[in-house]
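Read the figures in this text as sums done on the coordinates, not as results from a lab. Predicted model only: the values in this text are computed from it and were never measured. All Cβ positions, glycine included, derive from the backbone under ideal geometry; neighbour counts span all protein chains shown.
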Amino acid sequence: MKYILYNDSNEDVYFNFNDYFHNRRIYSTFMEPSYMAAFAVGAFYYLLSFWNERKKNLWLLALLLTIIIVSFSSTAYGAFGITGLLFISSTKEIKRSWKIVIIFVGCIGLLLFAVSFRETLDAVLFSKSLTGSASTRARWNNEAFDAFLTSPLWGIGYDNHYDYYHIISGADLPIKTNSYIDSFFEKNNGLEFIDFDDEKLNADPEISRRTRIYHLLQNLRRISPNKHLNNAFIFCERVLLLIQIILRVDRTKKLDWTIKYGSQWVSITDGLVKEILSKKAKIRSVFKYTNCADELFIQTVAYNSDFRHKIYKGSTREAMNNMRIVDWKRGKNGSPYTFREDDFSTLGNTDALFARKFSQEIDKSIIVKITDYLEDGVTA
């Protein structure tokens, strides 16, 4: 459950569960328990403000209250009490006489809490500036905020309107120098580097079924470490797919988009990024309950817009239209071939800008060799 209740467990991130103060405490994707708990307190009283629907929201209120309690956060407990008093004093659903009684009892409770946990409150609130905690949290906040601001898509960084956005995976490498890549995109500015594989789309019925029928259990097929449970989900998923095929279910029958297919690794312009973001609601509707939608939605949006006329069609020497080289011929089990040191000359003779894929476990030498050449300003 730790991957649900805690943040990224990677040692490279700032905020994770693996430390003395936060271990065994719930804080989800927030930096620490007190931040998460404050959010939970706000959510609790927000739901409670819909007084006429409190029975309907009862289980949500109970869940939020449980989260607040098990956060073991003094900030959460104090915020819950103070906000509760403010909520009671402002609501119109409680009689004035009851308000006076509840507020009086609440104030006495807060006073007793303050007296009983004086040392704790002094450490976590009044004298916090004297400890390293305040400066550490301030640094974390600044770094997190800077990361958001520099995000090219979701932060303010998007307002810079970059000419191109490149989607690559952690197993990819550039195989041309920065200056070469910059020059290439300046020369072809305005074109969209997207791979369309119409031949495979028309020949492989599995691809057309990705959006035509509902893949309701796809996210559950590999969720459990138990092999037998996963196999059970896979079996149920296949049964549901077979029933839909027999009944000729076609959820795209009335769709005004032509579904397209290709590689999810693309280099696209600021204009197309805006087009995609403007279609978020429709994309979510069309590609919900589909299989491998990352190989469909960018191609589909681009093709069904004016950007279809700006697709780059100059692939040569093993490079696809997205300017990537991927060796599927030598790949196995639906995964592309992993390049080795012997492939260095092949990569050097292609027009591609990026190559996929590489692995330090399989052959680290090819990665080092390409990196060294690029750092020296020499194209592979």
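Given H placed on each backbone N at 1.01 Å, which residues far from residue 311 in sequence or on other chains put an amide H within less than 5 Å of it?
When sequence neighbours closer than 5 places are left aside, the close amide H contacts are 192.
Which order do the peptides 343-356, 54-67 come out in when sorted by mean C-beta neighbours inside 10 angstrom, highest first?
Details: 343-356: 17.7, 54-67: 13.6.
The most tightly packed comes first, giving 343-356, 54-67.
For residue 355, what residues show an amide H to amide H distance below 5 Å, using hydrogens built from the backbone and excluding near sequence neighbours?
173, 175, 325
Give me, ordered by chain and number, the residues 5 or more places off residue 195 or on other chains with an amide H under 5 Å from its own placed amide H.
Counting only residues 5 or more places away or on other chains, the set is 263, 322.
Just subtract the alpha-carbon distance of residue 375 and residue 216 from 0.36 nm times their residue separation and send over the number in nm, one decimal. List each step's numbers first, then the result.
Values: separation 159, 0.36 × 159 = 57.24 nm, distance 4.70 nm.
Extending this stretch completely gives an extra 52.5 nm.
Taking 8 Å as the Cα distance limit and 6 or more residues as the minimum spacing, I'd like the relative contact order of segment 264-380 as a percentage.
Across segment 264-380, relative contact order equals 20 percent.
Which ³J(HN,Hα) values, rounded to whole Hz and listed in residue order, are derived for segment 169-183 from phi using the Karplus coefficients 6.51, -1.76 and 1.60 in 6.51 cos²θ - 1.76 cosθ + 1.60 with θ = phi - 60°, glycine and proline given as x?
9, x, 9, 9, 9, x, 10, 10, 5, 4, 5, 5, 5, 4, 5
Give a residue-ordered list of calculated ³J(HN,Hα) values for segment 234-240 (Karplus: 6.51 cos²θ - 1.76 cosθ + 1.60, θ = phi - 60°; whole Hz; x for Gly, Pro).
Running phi through 6.51 cos²θ - 1.76 cosθ + 1.60 with θ = phi - 60° gives 4, 4, 4, 4, 5, 5, 4 Hz.
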